[in-house]
Amino acid sequence: MSSPISNVRPAPDQLLTDLADYALNAKITSDEAYDTARWCLADTLACGIMALAYPACTKLLGPVVPGTTIKHGARVPGTSHELDPVQAAFNLGTIVRWLDFNDTWLAAEWGHPSDNLGAILATADWLSRHQAAGLTPSAFHTPLTAYGFEQVFAPGAATRPSHSALTVKDVLTAMIKAHEIQGVLALENSFNRVGLDHVILVRLASTAVTTVMLGGTRDQLINALSHAWLDGSALRTYRHAPNTGSRKSWAAGDATSRAVRLALIAMTGEMGYPSVLTAKTWGFQDVSFKGNAVKLARPLGSYVMEQVLFKISFPAEFHAQTAVECALQLHSNVKDRLDAIERVEMTTHESAIRIIDKTGPLNNPADRDHCLQYMAAIGLIFGELTADHYEDKTAADPRIDALRAKMKVTEDKSYSKDYLDPEKRSIANAIQVFFKDGTKTARIEVHYPIGHRRRRAEGIPVLQQKARDAFTAHYGAAKAAQLMDLFAHRPKLEAMPVHEFVSAFVR
């Protein structure tokens, strides 16, 4: 006869308390992290603005019920939408991620830490508009000033007066912390290896920082995080052949909106589940992680924001970024000799082979931007790679599939080793083209993409131009110049009320 199960409620799992204490109490002192976060904010918004040119994206935007309006709601940059913070997070998270052009993080589990901006900016804007109007959102039964937002983000600071609003520095701080939670959890915990999608980390990080922004107590924060783990994770099916599809472009928006919803639920005093990770049989680790412990690989600070990888020159799955750089360097040597190519030898790392080495028909833009051979072929043929190159019109060019058929992809073990080396974080690729007459191009090899920390000085001006171009295409040159000026002086940007900052992007 088995023993009865103890119903004694345990103390919260250590990981829950570690994440809560960091999100609630850690003071960020790294100037590099704040400066990187400033340009990350510009880049992330630029990615979202670019996505508004694509009807497949914009059809998903707006309120859940058409015609619904929210007074003092969160605004969605680049649009006229005014929404509740949950749906605003979905909207913003979706446009940010749509083109696969925002920052990334490659580790045991990869992902895109700036996906969290959907939750962060939507929540901050919603709160800021209410604060500026001297109001309390209906979700709360006590004034917002009772929670003291500056006191949350910078322990010891004075509580804000009721007429003062959250500032962009609060947003940058939340971004740094969200990047850190997502990125450090990704260092050694490989959710994709058990079939789960990395957006689980977006939901966790966004839940943590938005609960703090809402003024949650430590207990409410732990409860909110427990609910984020209880949700489990989406399957990765929509990222892999033969099912790759557009859900991968709105999955992060879904995760950020769920995070805001869970944070709001926790703020009502809803109970949490302290052993959500470690409960025998029923906890996340036993059910979804094959009994492995979920752990933090290093102390939480500002490491991830400092090390983050920007996608600057072209929208491409990050494992292919250096491959496209190689292809662009070879373009002038092959563009007039495409029919004379015998084979293309591509050398890459294990993760690229596992994720984006793909043959056969490619069915949609999401399928194409997760195909190493397709992206390299575009670079070789056209000498550039833009979001439009993934659309059906370009994909119909017979030269692309003809060139894909001539490509051979192999792994270089040293590339795979350097990819995992925390001191290097290389994302190496090499390409060499061989012609039917026996001649060949030079073997072009790139270890670090322009968005890598090792190339930050070179990359930031290119990032700024990327943002300027995106804003110009959507708003016109004069407005784009005004928007870029917002980012020019960091202290001025950091002091700006969030609702004023977001309003500058409203169309």
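The values are calculated or read from the model by the stated rules, or taken from the named source; none is laboratory data. Since the model is a prediction, treat every value here as computed from it, not as a measurement. Virtual Cβ from ideal backbone geometry, glycine too; neighbours counted across all protein chains shown.
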Inset, instruction - Working only within the range 372-388, note down all residues that are crowded, with 24+ Cβ neighbours inside 10 Å and in contact with an Asp or Glu (Cβ under 9 Å, 6 or more places away or on another chain). - result: L372, Q373, Y374, M375, A377, I378, G379
Legend entry - D339, sole failed condition from (1) in contact (Cβ under 8 Å) with a residue 24 or more places away in the chain; (2) over 19 Å from the mean Cα position of the chain (by Cα): (1)
Legend entry - Residue list for the range 13-35, filter: of a type outside the set (A, V, I, L, M, F, W, C) and under 19 Å from L201 (Cβ atoms): D13, Q14, T17, D18, D21, Y22
Legend entry - Breaking point among (1) modelled with pLDDT of 95 or more; (2) farther than 19 Å from A56 by Cβ, for A396: (2)
Inset, instruction - State whether the residues of the range 322-339 include one that is outside any helix (DSSP H, G or I) and buried (at least 21 other Cβ atoms within 10 Å of the Cβ). - result: no
Inset, instruction - For the range 20-56, name all the residues that are touching a residue at least 24 places away in the same chain (Cβ under 8 Å), over 18 Å from S114 (Cα atoms) and not in a loop (DSSP other than H, G, I, E, B). - result: A20, D21, Y22, L24, N25, A56
Inset, instruction - Name the residue, out of L201, L277, L230, L225, that is modelled with pLDDT of 95 or more and touching a strand residue (DSSP E or B) at 6+ places or on another chain (Cβ under 9 Å). - result: L201
Inset, instruction - Scan the range 342-368 for residues that are of a type in the set (D, E, K, R), closer than 18 Å to N429 by Cβ, assigned to a helix (DSSP H, G or I) and in contact (Cβ under 8 Å) with a residue 12 or more places away in the chain and jot them down. - result: E350, R368
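Take D339 and decide whether it is among the acidic types (D, E) and within 11 Å of L403 (Cβ to Cβ).
yes
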Legend entry - Qualifying position, being among the polar types (S, T, N, Q) and in contact with a Ser or Thr (Cβ under 9 Å, 6 or more places away or on another chain), among T278, T210, T268: T210
Legend entry - Selection count where residues are under 17 Å from the mean Cα position of the chain (by Cα) and either part of a loop (DSSP other than H, G, I, E, B) or within 13 Å of G360 (Cα to Cα) (or both), scope the range 236-251: 1
Inset, instruction - Go through R454, R468, R443, R507 for me and flag whichever is in contact with a Gly (Cβ under 8 Å, 6 or more places away or on another chain) and of a type in the set (D, E, K, R). - result: R507
Inset, instruction - Any chance you could count how many residues in the range 474-507 are in a helix (DSSP H, G or I) and within 23 Å of the chain's Cα centre (by Cα)? - result: 12
Legend entry - strands (runs of 3 or more DSSP E) contained in the range 377-460 and holding at least 3 residues more than 30 Å from the chain's Cα centre (by Cα): 429-435
Inset, instruction - Tell me, please, whether a residue that is surrounded by fewer than 24 Cβ atoms within 10 Å (Cβ to Cβ), closer than 19 Å to P113 by Cα, touching a residue at least 40 places away in the same chain (Cβ under 8 Å) and not charged (D, E, K, R) can be found in the range 211-220. - result: no
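Per-residue answers, yes or no, for (1) on the phi < 0 side of the Ramachandran plot; (2) hydrophobic (A, V, I, L, M, F, W, C); (3) more than 16 Å from the chain's Cα centre (by Cα):
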| residue | (1), (2), (3) |
| --- | --- |
| S257 | yes, no, no |
| R261 | yes, no, yes |
| T281 | no, no, yes |
| Q285 | yes, no, yes |
| A293 | yes, yes, yes |
| A297 | yes, yes, yes |
| Q307 | yes, no, no |
| K311 | yes, no, no |
| A320 | yes, yes, yes |
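Return the residue satisfying two criteria in turn: it lies in the range 99-124 and is among the hydrophobic types (A, V, I, L, M, F, W, C) and modelled with pLDDT of 95 or more, and of such residues it is surrounded by the fewest Cβ atoms within 10 Å (Cβ to Cβ).
A124
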Legend entry - Count - residues of the range 194-206 that are without any contact (Cβ under 8 Å) to a residue 60 or more places away in the chain and assigned to a helix (DSSP H, G or I): 2
Inset, instruction - Could you check, for the range 303-319, whether at least one of its residues is more than 30 Å from V184 (Cα to Cα), assigned to a helix (DSSP H, G or I) and charged (D, E, K, R)? - result: no
